[in-house]
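Since the structure comes first, as structure tokens, the remarks are kept for the end.
Please treat every number below as a calculation from the coordinates, not as lab data. Source: prediction; values computed, not measured. Glycine also receives a Cβ, built like all others from the backbone with ideal geometry; neighbour counts cover every protein chain displayed.
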Amino acid sequence: MNRILFFPLLLLMTACKANINDKNNIVMSDTVQKPLLYSRTDTTKVNLNEAEWKKILPKEVYTIAREKGTERPYSSPFEKSKEIGTFYCAVCGNALFESNAKFESGCGWPSFYQPISKSSIIYLPDNSHGMVRTEVQCGRCKSHLGHVFEDGPPPTGLRYCINGVVLDFEKAKAAEKKYNTAQGN
Ligand SMILES: [Zn+2]
């Protein structure tokens, strides 16, 4: 428990600076004020430079998604949520996790044992702060999501520890219908 809390808190104190300058792929032109890149159907990769990200993202999202920050533990309403549906990248709308892969890890952040598909996530070695970890980023927009650890439950044994700030949730329609029926609606 202490060990798990320690890692993200360390990151909070020494958030590293993202230094990604993609000069070849400018998706947004004169419409940078609108986050037009958010789409749940468009799978085109998103590549913006840091100045553009800063313009279009709310500050708390920017800090985590682009500066690899970490939200306060137990601060996300998604951490304890048991609603049925799909979690998307809050930055670009890429589908990341289904609620049925979510579990209560007790670590203070929304936790999942597997992503929706292999292409949902990008894995990168993270050797910062003298630790050997695996960072997970959104497969479409390369936003920092969190880390994956090998202490999760079956069937994968993995724990995707994700910042709730960079998640966007949509309730499953079937689940809503079932709920309404149960309520006599
Ligand atoms: Zn994304």
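Worth a mention:
- Looking only at the stretch 104-118, and only at residues there that are within 16 Å of the ligand (Cβ to nearest atom) and without any contact (Cβ under 8 Å) to a residue 40 or more places away in the chain, the one that is surrounded by the fewest Cβ atoms within 10 Å (Cβ to Cβ): Lys118
Residue by residue, here is whether (1) more than 14 Å from the ligand (Cβ to nearest atom); (2) under 15 Å from the mean Cα position of the chain (by Cα); (3) among the basic types (Lys, Arg) holds:
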residue	(1), (2), (3)
Arg40	no, yes, yes
Glu52	yes, no, no
Lys59	yes, no, yes
Tyr62	no, yes, no
Ala65	no, yes, no
Glu71	yes, yes, no
Ser76	yes, yes, no
Lys80	yes, no, yes
Glu83	yes, no, no
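- Any hit, the stretch 122-142, residues being more than 16 Å from the ligand (Cβ to nearest atom), under 30 Å from Glu50 (Cβ atoms), basic (Lys, Arg) and over 13 Å from the mean Cα position of the chain (by Cα): yes
- Qualifying positions in the stretch 136-145 - more than 16 Å from Thr63 (Cα to Cα) and without any contact (Cβ under 8 Å) to a residue 40 or more places away in the chain: none
- Filtered residues of the stretch 101-151 (kept if more than 27 Å from Thr43 (Cβ to Cβ) and assigned to a loop (DSSP other than H, G, I, E, B)): Glu104, Ser105, Gly106, Cys107, Gly108, Asn127, Met131, Val132, Glu150, Asp151
- When we screen Val166, Val148 for residues that are within 15 Å of the ligand (Cβ to nearest atom) and either in contact with a helix residue (DSSP H, G or I) (Cβ under 6 Å, 6 or more places away or on another chain) or without any contact (Cβ under 8 Å) to a residue 60 or more places away in the chain (or both), the only hit is Val166.
- Of all the numbered requirements in (1) under 20 Å from Cys89 (Cβ atoms); (2) surrounded by fewer than 13 Cβ atoms within 10 Å (Cβ to Cβ), Ile122 misses one, and that requirement is (2).
- Cβ-Cβ distances below 7 Å connect the following pairs, each with a first residue in the stretch 42-54 that is part of a loop (DSSP other than H, G, I, E, B), a second residue that is more than 11 Å from the ligand (Cβ to nearest atom), and a separation of six or more residues or different chains: Val46/Val27; Asn47/Asp22; Asn47/Asn25; Asn47/Val27; Leu48/Val27; Leu48/Met28; Asn49/Asn21; Asn49/Asp22.
- Residue check for Ala101: among the small types (Gly, Ala, Ser), within 19 Å of Cys141 (Cβ to Cβ) and either within 16 Å of the ligand (Cβ to nearest atom) or in contact with a strand residue (DSSP E or B) (Cβ under 6 Å, 6 or more places away or on another chain) (or both): no
- So Cys92, is it closer than 24 Å to Glu170 by Cβ, touching a Phe, Trp or Tyr at 6+ places or on another chain (Cβ under 7 Å), within 16 Å of the ligand (Cβ to nearest atom) and of a type in the set (A, V, I, L, M, F, W, C): yes
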